[in-house]
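As structure tokens, the structure follows; a few thoughts come after it.
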Amino acid sequence: MKKLLLLLFPLLLLVACDSPQRTIEALQRDIAAYSIEPTPAAEEKMQAGFAELDADISKLNAAGKTSEAEALQRQVDALRSQYDTARLASSLQKARNAIEGFGQSVKNLGQQIGETFKPTPTPVSE
């Protein structure tokens, strides 16, 4: 039993150390998907991933592993920058769509007004 525990303990450490990297990879995929199709569910998922990474950074700092914590923080900062860029692009696209929609509405209104005041030909009596 002790041998089994001794064999599983290093594996557990590898899995625990790999967790931030998996979260980073998942966030990279999520950000790429979000930039194509932004959804509230994707935002919530990414926020949870960032919270998990922040907790990992705190644990590393608490364990005295400041260089590892700083390296992870740099990766998280880069991911947040990518996420902010994707959010900004999404907001700009929504604004562009709203402006285009407003412009089309104004154009349609102008056409309707023009047709309303367009003189109708009166029949000529002979």
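Among the listed residues Pro10, Pro38, which satisfies the condition of being modelled with pLDDT under 95 and closer than 28 Å to Arg87 by Cβ? Walk me through how you get there before you give the answer.
Details: Pro10 fails: closer than 28 Å to Arg87 by Cβ.
Result of the check over Pro10, Pro38: Pro38.
Restrict the check to segment 56-68 and report whether at least one residue is of a type in the set (Gly, Ala, Ser), part of a helix (DSSP H, G or I) and surrounded by 11 or more Cβ atoms within 10 Å (Cβ to Cβ).
Yes, that holds for at least one residue.
Does segment 87-108 include one or more residues that are outside any helix (DSSP H, G or I) and of a type in the set (Val, Ile, Thr)?
From segment 87-108, those outside any helix (DSSP H, G or I) are none; that's our starting set.
Within segment 87-108 (the criterion being outside any helix (DSSP H, G or I) and of a type in the set (Val, Ile, Thr)), the answer is no, since none of the residues qualifies.
With surrounded by 16 or more Cβ atoms within 10 Å (Cβ to Cβ), more than 16 Å from Arg22 (Cβ to Cβ) and basic (Lys, Arg) as the only criterion, which of Arg74, Arg87, Arg80 stands out? Can you show your working first?
Working: Arg74 fails: surrounded by 16 or more Cβ atoms within 10 Å (Cβ to Cβ); Arg80 fails: surrounded by 16 or more Cβ atoms within 10 Å (Cβ to Cβ).
After applying the criteria, what remains is Arg87.
The values are calculated or read from the model by the stated rules, or taken from the named source; none is laboratory data. Note that this is a predicted model, so its numbers are computed, not measured. Because the Cβ atoms are built from the backbone with ideal geometry, glycine has one as well, and the counts that use them run over all protein chains shown.
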